[in-house]
Each structure stands twice: as C-alpha cells, then as structure tokens.
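Undergrad: This is the structure I want to talk about, given as structure tokens.
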Amino acid sequence: MSSESSIHTRLQHLGTAPCDAQHPVAPVGLPSIRTSTVRFNTVEDLENTYKRKSRGERLVTYGRMGMETHAALEDVFCALEGGQRVFLASSGLGAISMALLSLLSAGEHMLAADCVYGPVYHLNNTVLQRMGIEATFTSARDPQALEQHLKPNTKILYVEAPGSLLMQMLDMPALAEFARRHELILVTDNTWGSGYAYQPLALGADVSIVAGTKYVAGHSDLMLGAVIANDPELIKTIDTNQYAMGFSISADDAWLAIRGVRTLPVRMEQHARNALAVCEWLAQQSVVRQIFHPAWPQDAGHALWKRDCTGSNGLMSVALTMSADQARTFVNALTLFGIGYSWGGYESLVQWVDTGALRSHAYFDAHAGDNVQVVRLHIGLESVDDVIADLQQAMQQAGVL
Ligand SMILES: *Cc1c(COP(=O)(O)O)cnc(C)c1O
C-alpha cells in the first residue's frame, strides 16, 4: 500500500499487525499495547534510542508517548488530514488547548471566528486571558473584513468550518491567503470534516484539529483529540510543548479509535445520505424556517461546500417557527433522538440550541422573534424512514404539523 492509495484503502490497511517472515502467523488488528514505562535491553540501547529520537525519529522512551497502537492511530490521522505529524490529546478540547497554548505567548493576540466550538470562549475567558493572551471573536465569513481586527501582536487566526451550531462554511483558501499575507498561523477545527469530508491543510491551513471523539471514533464510546500539522517549525514547537504539558491518551482508546475509523467512509456517507433525505422532508414542512446544512442546496454555504468539501455528514441545525413550550414538547417527544451534546456516533441526537447565544452570530437572522427555536440534529445510521416518522410524530405532538 502506498501513500497514493485511496483513503478508503489506507483506512483498512494502516494499523494492522505485522505479518511477515518474522511474524508468519499474526492477528489482523494491532493489539492495544498498554504500558507506563518501556524497558531497554542495555544502556547502549537506551542511548541509541535517545540519539535517533533527537534526530526526529518517532521513538518511545517512556509510556506517555505511546507505542505501536498510538503510532498506528497517528498514521491514521496523518492519512486522513494529509499531515506530516499528529499530536494526540485525551479530548478534542484538550487538542485545542494543546495547539493554542503551544503557539500563543503572553502579550500575543488571537483573532478567532465567532462560530467556533462554544468551550473555546470558555478556554479564552478562564485560561488564555489569565496567561496574558488576548482574543477577538468575530465573523470570519468575509476574510477582508478581518483586517480591521488585526493588531500588531496578532499571531493566530483560529477558525472552524463549518461552524458549530449553524454550520457556517468559511472560505478556507481565502482565509489562508489572508493569514499568509499577515504572517498569521491559520489554525482550524476540522471535527466536522474529520479528514474525510474536508481537508483544510490542503486548502492552506497550517494546523488542523480534530475531536476524534466524534466521527473518527464513531461509536460514542471514547474521548480523543488530535492536532495535525505539516510545517517543520510548527511541528517542532507543538512537539516540545505537548511533551512539556504531558498530553497523552490511553492505548485502549487509541485501539478503539483505530477500530472505529475503519468504517469512517461508509458511516459518513450513510450519515450524509440520511441527513439529505431529512432535509428534503423538513423543507416541505411549513414549521421549518431555515435549514443549516452545507450539503443542502439552499444553505448559504452550499457553493463553498461544493467547491471545497469531498463529502458531508449527519449534522444539521433547523430553525423552527414555534414557541419555547412547543420546542420542549417536540424535543421530549422524539423517541429515536437522544437529547444530548456531542455527535458523530451511530445514533441520532438532538440538542435544543439557546437562540440567545446565536444572536451574536452574524449568520443568524437577527430579526427572528421569540417564536423561532433552533434545534441541532445529528442524523444517525437508523433507517431514515424511521427517523423522519419520528420527527413527524414529535411535530404532531407539539401541535405544529
Ligand atoms: C465536540 C467538539 C470538540 C471537542 O471535542 P471533545 O472530545 O468533546 O472535547 C471540539 N470541536 C468541535 C467542533 C466539536 O464538535
């Protein structure tokens, strides 16, 4: 298998156990290699390992860096994202912290898209500010409009596309061009695309972050984050900071993620197909005011999605003309949709979004009155007919159908 092989092929062959003259009988999958420390046969072996490691080889001198199971998962992320190196963290938010704390210093400024994952605001309010790092959150839909927010100490442009909650597509190549012109590091959260539906590094981003918790793992049973980069200087900086801060994941979680990611393409395509069928049904209901899903032709970001993405997924938000009471009844009446955060597992989920929080998004219709409610739906791998029937009966119970 070469690095030119299709990602569908690579995801089935990366991270399998060696089967060769040395291992004439072997299992298919790599085992989970759990260890805290590693042992060296001789002092010379230890010295040699450090020497080779200092020249940049991925060698293990302590359990925190992980052994073959971790290395296999790193290969998977590199293949998905088109990256040279990946740094693992125990959650997606941990990966975001790792990237920002590695790349920002006291006295520096981060320009951030307002549509990023909510807890990034919390990270800013609680940690970055305390470290003397300044941040400005603003719409990134028009890259040129970002210019007015630049400061002499702006170091990072931090974005996420499509954005959390309203799935705003951003013009990644234009943002990359803007970042280059102003010598900023473009960092993007690619959890939505998870390396399969969107490859921001190929579109000019410097650092891509993926919450592997979502589609990579795919089974709602583990937490995982990854920071992926190509530039040798950036890699060196993140490497030394990751080491300093002690980010690490368990071998079992790496093993589970490898097991989950083998089916990433088939899962994502089924999620995407189901989601589009749900969009088609929703669009015919008068209670539906707007659908936020970039693969949906009426979505404001559809042209960018068509140009830049290689697939879609099961995530969408829907603005519904109903009262808060009706929304409560609707969400409670759903039987196939679990009420919960997160997404990317096999099952459908619903989250009733606080529209107050959306009003600061330039993307949301500021004139939407109190009778507009937004729900985020993750369309799972159930039969889409059953999913639609569930939405229908819940709307009937809410009295809006
Ligand atoms: C869920 C999510 C994260 C955080 O991942 P965790 O593993 O839950 O910490 C980051 N970014 C986006 C876009 C997410 O949806």
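Undergrad: Would you mind stating whether residue 198 is out of contact with any strand residue (DSSP E or B) (no Cβ under 8 Å at 6 or more places or on another chain), at pLDDT below 95 and not β-branched (Val, Ile, Thr)?
TA: So residue 198 does not fit the description; no.
Undergrad: Ok, one more. Among the residues of segment 46-85, what is the count of those that are closer than 20 Å to residue 200 by Cβ and either away from the ligand (no atom under 15 Å from the Cβ) or without any contact (Cβ under 8 Å) to a residue 60 or more places away in the chain (or both)?
TA: Count: 10.
Undergrad: Among the residues of segment 92-146, write down those that are of a type in the set (Asp, Glu) and within 16 Å of the ligand (Cβ to nearest atom).
TA: Answer for segment 92-146, where residues must be of a type in the set (Asp, Glu) and within 16 Å of the ligand (Cβ to nearest atom): just 114.
Undergrad: What are the residue pairs meeting all of these: first residue in segment 289-303, first residue more than 25 Å from residue 401 (Cβ to Cβ), second residue part of a helix (DSSP H, G or I), Cβ atoms under 9 Å, and 6 or more apart or on different chains?
TA: 294/302; 294/304; 294/305; 294/306
Undergrad: Restricting the search to segment 316-347, which residues are crowded, with 19+ Cβ neighbours inside 10 Å, more than 16 Å from the ligand (Cβ to nearest atom) and polar (S, T, N, Q)?
TA: Answer for segment 316-347, where residues must be crowded, with 19+ Cβ neighbours inside 10 Å, more than 16 Å from the ligand (Cβ to nearest atom) and polar (S, T, N, Q): just 326.
Undergrad: Out of 268, 223, 245, report the one residue that is within 14 Å of the ligand (Cβ to nearest atom), in contact (Cβ under 8 Å) with a residue 60 or more places away in the chain and of a type outside the set (D, E, K, R).
TA: 223
Undergrad: Filter segment 147-166 down to the residues that are within 16 Å of the ligand (Cβ to nearest atom) and of a type outside the set (A, V, I, L, M), then identify the one that is farthest from residue 198 (Cα to Cα).
TA: This residue is 158.
Undergrad: Are there any pairs, at least 6 apart or on different chains, whose C-beta atoms fall under 6 Å, with the first in segment 91-111 and closer than 24 Å to residue 221 by Cα and the second assigned to a helix (DSSP H, G or I) and more than 15 Å from the ligand (Cβ to nearest atom), and if so, which?
TA: Pairs found: 98/242.
Undergrad: Which of the strands (runs of 3 or more DSSP E) found entirely inside segment 188-298 contain at least 2 residues meeting this: within 16 Å of the chain's Cα centre (by Cα) and crowded, with 19+ Cβ neighbours inside 10 Å?
TA: Working: elements: 207-211, 225-229, 288-292.
Per the criteria, 207-211, 225-229.
Undergrad: Another one. Determine, yes or no, whether residue 121 is under 21 Å from the mean Cα position of the chain (by Cα) and surrounded by fewer than 18 Cβ atoms within 10 Å (Cβ to Cβ).
TA: yes
Undergrad: Check residue 103 against each of (1) touching a Ser or Thr at 6+ places or on another chain (Cβ under 6 Å); (2) farther than 30 Å from residue 269 by Cα and name the one condition it does not meet.
TA: With (1) touching a Ser or Thr at 6+ places or on another chain (Cβ under 6 Å); (2) farther than 30 Å from residue 269 by Cα applied to residue 103, the lone miss is (1).
Undergrad: Another question, if that's okay. Return the residue satisfying two criteria in turn: it lies in segment 138-164 and is under 26 Å from residue 314 (Cα atoms) and of a type in the set (A, V, I, L, M), and of such residues it is nearest to the chain's Cα centre (by Cα).
TA: 161
The values are calculated or read from the model by the stated rules, or taken from the named source; none is laboratory data. Because the structure is a prediction, the values reported are computed rather than measured. Don't worry about glycine lacking a Cβ; one is built from the backbone with ideal geometry, like all the others, and counts go over all protein chains shown.
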